[in-house]
Amino acid sequence: MVGTIIQTARMRLRCWQDADRDAFAALHADPEVMRDAGGVLDRSQSDAKLDRYRAAFDRWGFCRWAVESLAGDFLGYTGAMKRQEHPLGPHVDIGWRLMRSAWGQGCATEAAKAAL
């Protein structure tokens, strides 16, 4: 599970790698980034989330993708996820979470459109 899945004019969406764990954890440790999610995640919670995304790809062939700049800087994630157990019932949704450095530049819109 490596390599670019989708490339846009400014970024790549790709499968998760073990090397992403530190940046993924930093994203989830930022209180401002996590404000809408009820608070930050600790390292074990963040690692478990990354593992869920990898398992989703293995099971369904799609997931929340790692998003990086064309220079290789981690920007966050976006993509579709299949929800089996959810208060709204089973469904597929699109979601994203970006490092604050990527806010206000249209990255979420560009990446989410590419993921769809």
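Listed values, structure above:
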{"read-out": "Dipole magnitude (debye, nearest 20) for the chain, charges at Cβ of Lys, Arg, Asp, Glu", "value": "300"}
{"read-out": "Accessible-area composition of the chain, carbon plus sulfur, in percent [1.4 Å probe]", "value": "52"}
{"read-out": "The chain: C-alpha gyration tensor shape, a/c 1.5 cut-off, then a/b vs b/c", "value": "rounded"}
{"read-out": "Cleavage-rule hits (GluC sites (Glu not before Pro)) in segment 1-87: DSSP loop, at most 12 neighbouring Cβ within 10 angstrom", "value": "32, 85"}
{"read-out": "Probe 1.4 Å - accessible area at residue 82, Å² to nearest ten", "value": "80"}
{"read-out": "Computed over segment 68-116, the ratio Rg/Rh where both radii use C-alpha atoms and Rh is Kirkwood", "value": "1.07"}
{"read-out": "Probe 1.4 Å, protein heavy atoms only - accessible area per residue of the chain in square angstrom", "value": "55"}
{"read-out": "Largest to smallest accessible area among 65, 96 [probe 1.4 Å]", "value": "96, 65"}
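The values are calculated or read from the model by the stated rules, or taken from the named source; none is laboratory data. What you see is a predicted model, and the numbers here were worked out from it, not measured in a lab. Every residue, glycine as well, gets a Cβ built from its backbone with ideal geometry; the counts of neighbours run over all protein chains shown. All accessible areas refer to the heavy atoms of the entire protein, side chains included, with ligands and DNA or RNA removed. Shrake-Rupley method; radii C 1.70, N 1.55, O 1.52, S 1.80 Å.
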